[in-house]
Amino acid sequence: MKKTGEKRVFKRRAVAGTSRRGGRKAGIPEGLWTKCESEACGQVIFNQQLEENLRVCPACGHHFPLGARARIAALVDEGTFEECDRGLRAVDSLGFPNYADRLGVEHGRRETPEAVVCGTGSMGGVRVSLAVMDFTFLGGSMGAATGEKIARAVARAESGGRALVIVSASGGARMHEGCFSLMQMAKISGELQRLAEARLPYISVLTHPTTGGVTASFATLGDLIIAEPGAMIGFAGPRVIRETTHQELPEGFQTAEFLLERGLIDRIVSRREMRDTIARFLGYLLGGA
Ligand SMILES: [Zn+2]
């Protein structure tokens with residue numbers, strides 16, 4: 001019965017001229033392969049292989065975006081992550097056009113309805129407080145709920161006597177929330193100061209892209225700042241800077257490699273080595289505690 005129904009729909013569409021001649025090419029299933037985003041590479045990668053390689057191109061090492069859940073799985077010791085503040089979510093407090101609708105869609109299709117996933121987990125056996133941003137939620141923008149969750153993750157590190165690890169991926173402050181969004185920068189920075197006074201380490205991991213108010217606050221306040229290769233890190237984007245200053249920007253401007261040379265970040269670490277590297281540094285930083 002079902003088969004006949006589908007046939008009918010296909011025929012009707014064909015007559016109405018709404019499907020391309022021949023339709024989808026037979027024998028080429030979609031969603032199995034991904035072409036490397038790096039222009040110099042262009043390698044076609046089997047998706048399963050890409051996932052197994054933590055979404056790093058096996059040919060050139062290009063780091064594709066990685067969602068918060070997959071990143072947490074790649075960072076913490078298996079089975080040790082315990083999520084906190086899962087239900088904390090944004091509200092449209094300013095009545096910003098279309099924001100409530102967009103939030104509704106995002107909240108409906110996500111396990112964690114915000115641009116950050118927070119909790120505690122072990123890295124190399126060391127218990128840490130973790131906050132991992134997710135760029136796929138409204139460009140990883142920092143609204144009031146995002147900021148509150150991150151501030152609580154910092155406070156959790158302090159109260160639990162643990163190290164803090166924050167992984168950033170953000171377009172900056174969330175414009176839909178105006179000043180409520182901007183004040184998160186100060187709130188989180190204040191919490192970080194308390195963590196520093198408690199002499200507990202904070203490792204900041206910058207991934208592509210880390211920009212705006214996130215760069216201008218907690219992302220660059222780490223005791224140790226690690227970036228993924230090729231990550232774009234900056235405040236305003238290159239186009240805005242070029243148009244404002246009327247200057248040509250140097251080659252590689254705002255890449256992790258450019259910033260490492262100039263001392264803004266401490267180290268570039270491949271995603272595949274991130275867990276072991278952070279665990280090693282936690283050992284150094286907490287060794288004398
Ligand atoms: Zn590649």
Problem set entry | Of all residues making up segment 47-89, the number that are closer than 26 Å to ARG109 by Cβ, free of Cβ contacts under 8 Å to residues at least 24 places away in the same chain and within 13 Å of the ligand (Cβ to nearest atom) | 1
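Among the helices (runs of 4 or more DSSP H) contained in segment 67-169, which hold 3 or more residues that are within 27 Å of ALA256 (Cα to Cα)?
Numbers: elements: 68-75, 99-108, 144-160.
Passing ranges, in order: 68-75, 144-160.
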Seminar exercise, completed: In segment 182-222, residues that are more than 16 Å from LEU260 (Cα to Cα), in a helix (DSSP H, G or I) and touching a strand residue (DSSP E or B) at 6+ places or on another chain (Cβ under 8 Å) total 10
For this session: Answer yes if at least one residue in segment 99-120 is touching a residue at least 24 places away in the same chain (Cβ under 8 Å) and within 16 Å of the ligand (Cβ to nearest atom), and no otherwise.
Result: no
Exercise. Taking helices (runs of 4 or more DSSP H) that do not extend beyond segment 223-289, which have at least 1 residues that are of a type in the set (Gly, Ala, Ser)?
Worked result: 256-261, 271-287
For this session: Kindly indicate whether ARG239 is basic (Lys, Arg), in the same structural domain as ALA74 (by TED's automatic domain parsing) and touching a strand residue (DSSP E or B) at 6+ places or on another chain (Cβ under 8 Å).
Result: no
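The values are calculated or read from the model by the stated rules, or taken from the named source; none is laboratory data. Because the structure is a prediction, the values reported are computed rather than measured. A quick note on method: Cβ atoms are made from the backbone with ideal geometry, for glycine too, and the neighbour counts reach across all protein chains shown.
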